[in-house]
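Below: one structure, written as structure tokens.
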Amino acid sequence: MDICRRQFGLWALAAAATRAFGQPSRPKLFVLVILEQLRSDQVEGLAPRFGDGGFRRLRKEGVWFPDCRHLASGFSATGLATLATGAWPAEHGIVADSWYDRGGHAPVHASADALLATTLAAQVAASPRARAYVIGLDRSHAGLVAGGFGARTFWMDQSGQFAADSPPDWLADFNRAAPLENRHNQPWIALGARDGAPPLRTLTYDPARPADFVALYKASPFAEEAQFSLLSELIAREQLGQRDTLDFVCLISGASALLGYDTGARSPLMDQMTLQLDQHLEALLTELDILPGQGAYSLALTAAHGAPPAPAAIQRARMAVNGESLAQAVQRALKTGGNGGVEKFLYPFLYLDGAGGKEAARLAAARAAMSQPAVAGYYTADGACSTHDDFERRFRNSFHAARSGDVMLSYQPEYVEDYGGGRGISYGSLYNYDAGVHESPVESVDVAPTLARAMGVGQPSSSTGRVLARAMGDDEE
């Protein structure tokens, strides 16, 4: 692939930095790598330790947009759906990883069936002489990006093996060639560590608790390496970019997001995950230069959201929010004022009961929540907002009338949901580490329409983003 600033492609990091490359004539293969979780400051801080062929190659030889914004809540499913559809949650409907269904009186988990917009992968799959593939760590996330309309999906199952909606003949051989048993009790050693250095973490295997090992594996660079290996195998076996077709493949790297739940953003493990990612990118680009070959592909790289640091032990009691206690405080205030009550609180949404679904009750609930130290802002189904700046737009983009209940809340910066166990973080905030806000108006909804234009396929049905002219080789933005 001939890489230059006037050729097409896209690189977006942690919804905060974007770089692109491609060629004037349309390539046969487009590769989109979505990093489910990555903060741009991690990449900047680790830049001196990167090799020449990964992030450094992208930054040096491509078109870079250092100003990409994700102006909505930063849940994994939400960010993936936004990148896939070119629309905000208010349009595509994936408002969180899960939300409450009043009719069924139960949570609903994000899935392709719940998506209210078409995706880029679905648009490619529906085009004549085109093929689309999605590789995910999680089946539901792969389905969200695929859109459920013709794209072939691959994911890692609960045993740590790869599965597919329509498994090709070669997949079983691929799984057998790298048995997961080889990773039992695998030490995770820091890159460049001295001989005999202790591992950062060990993927402990207990036959009585095999699921614990799989969870450790999926939150490690070894699982990410397996995903990149599957991508290389897919390109070679299916001859992507080597036939008279348009081929699109998306890899959703989820290991860093799973690790982030456990450690937060500021940990040596997260730094090592990013350094390993740089090596995986370098290997992928080297392989693509061979198959399908230089000039035959374009690659885009983006991230769905960032992550907050884990609260320090001395601060955790204050910064880890007990959602049930918060809902009870709002419930007491509503009952005292005769404004009904809370039917359900599923962060970040409050669902009021039948007596409390009117405008006055929503405002009362919002103000009661604001009286709690952990709560920083609110947005109601009537459009009332605690702030009238850029955060109001983030709230509005994140709120779907039929799914977001009566009130959406925002916690204080770096506050997290308390899941018990005295550790870990949550995603979904509106803050910069999750949303990624910078100086120029390039947004995450621009990724899908830009790639659609580059591939010559229709834009997703609800796309509100714009085509990035510089990524298409036009210096005028």
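The values are calculated or read from the model by the stated rules, or taken from the named source; none is laboratory data. Given the structure is predicted, the values throughout are model-derived calculations rather than measurements. Virtual Cβ from ideal backbone geometry, glycine too; neighbours counted across all protein chains shown. Surface accessibility is based on the protein's heavy atoms, side chains included, excluding ligands, DNA and RNA. Shrake-Rupley method; radii C 1.70, N 1.55, O 1.52, S 1.80 Å.
Ordering of 446-452, 348-354 by packing is 446-452, 348-354, highest average first (other Cβ atoms within 10 Å, averaged per residue).
Sorting 174-184, 266-276 by average packing, meaning the other beta carbons within 10 Å per residue, from highest down gives 266-276, 174-184.
Each of 348, 94, 309 was scored by the projection of its Cα onto the charge dipole of the chain, and the greatest displacement toward the positive side belongs to 348; charges sit on the C-beta of Lys, Arg, Asp and Glu.
Note on residue 344: lysines with a C-alpha under 27 Å away, same-chain residues under 8 apart excluded, are 335, 358. Surface composition of the chain: carbon and sulfur make up 49 percent of the accessible area, probe 1.4 Å.
Ranking 464, 408, 182 by how far each Cα lies toward the positive end of the dipole of the chain (charges on Cβ) leaves 408 at the top. Residues within the reach of a label modelled at residue 113 (point 7 angstrom out along Cα to beta-carbon, backbone nitrogen below 17 Å), restricted to the stretch 147-162, are 147-150.
Each Cα pair under 8 Å and six or more residues apart adds its sequence gap; the mean of these over the residue count of the stretch 111-253 is a relative contact order of 26 percent. Please work out how much accessible surface residue 116 shows to a 1.4 Å probe, ignoring ligands, DNA and RNA, in Å² rounded to 10. Rounded to the nearest 10, that gives 90 Å².
Taking a ≥ b ≥ c as the square roots of the eigenvalues of the Cα gyration tensor of the stretch 49-190, is the shape rounded (a/c under 1.5), prolate (a/b larger than b/c) or oblate? In terms of gyration-tensor shape, rounded. With the whole protein complex present, residue 127 retains an accessible surface near 30 Å², based on a 1.4 Å probe. Rounded if a/c is under 1.5, else prolate if a/b beats b/c, else oblate: with a ≥ b ≥ c from the C-alpha gyration tensor eigenvalues square-rooted, which is the stretch 237-368? Cα axes put the stretch 237-368 in the oblate bin.
When the Cα positions of 146, 171, 127 are compared along the charge dipole of the stretch 127-171, 127 comes out farthest toward the positive end, with charges on each C-beta of Lys, Arg, Asp and Glu. Ranking of 253, 461, 386 by solvent-accessible surface, largest first: 461, 386, 253 (1.4 Å probe, protein heavy atoms only, all chains present).
Pairs of Cα atoms nearer than 8 Å and 6+ residues apart set the relative contact order; for the stretch 191-340 it is 23 percent.
Over the chain, what is the relative contact order in whole percent, taking alpha-carbon pairs under 8 Å and six or more residues apart? This gives 28 percent for the chain. With all protein chains kept in place, the per residue accessible area of the stretch 24-167 amounts to 35 square angstrom at a probe of 1.4 angstrom. For residue 28, the lysines whose Cα comes closer than 25 Å to its Cα, not counting residues fewer than 8 places off in the same chain, are 60.
Dipole magnitude for the stretch 105-218: about 260 debye, using +1 per Lys or Arg Cβ and -1 per Asp or Glu Cβ, origin at the Cα centre. Taking all protein chains together, 56, 194 sort by accessible area into 194, 56, largest first [probe 1.4 Å]. Charge dipole (Cα centre; +1 on Lys/Arg Cβ, -1 on Asp/Glu Cβ; no other charges) of the chain amounts to roughly 380 debye. In terms of accessible area, using a 1.4 Å probe and ignoring ligands and nucleic acids, 280, 305 rank largest first as 280, 305. Over the residues of the chain, the helix contribution to mean residue ellipticity at 222 nm works out to -9500 deg cm²/dmol, using -39500 (n - 2.57) for each DSSP H run of at least 4. Looking at the square roots a ≥ b ≥ c of the eigenvalues of the Cα gyration tensor of the stretch 179-242, which shape do they give, rounded for a/c under 1.5, prolate if a/b is larger than b/c, or oblate? Oblate shape, in that a/c is at least 1.5 and b/c is the bigger or equal ratio. Basic side chains Lys and Arg get +1 at the Cβ, acidic Asp and Glu get -1 at the Cβ, and with that the dipole of the stretch 124-179 about its Cα centre reaches some 200 debye. Among residues other than residue 266 with Cβ under 12 Å from its Cβ, the summed charge is -2 (Lys and Arg +1, Asp and Glu -1).
In the context of the full protein assembly, residue 261 retains an accessible surface of approximately 80 Å², using a probe radius of 1.4 Å and ignoring ligands and nucleic acids.
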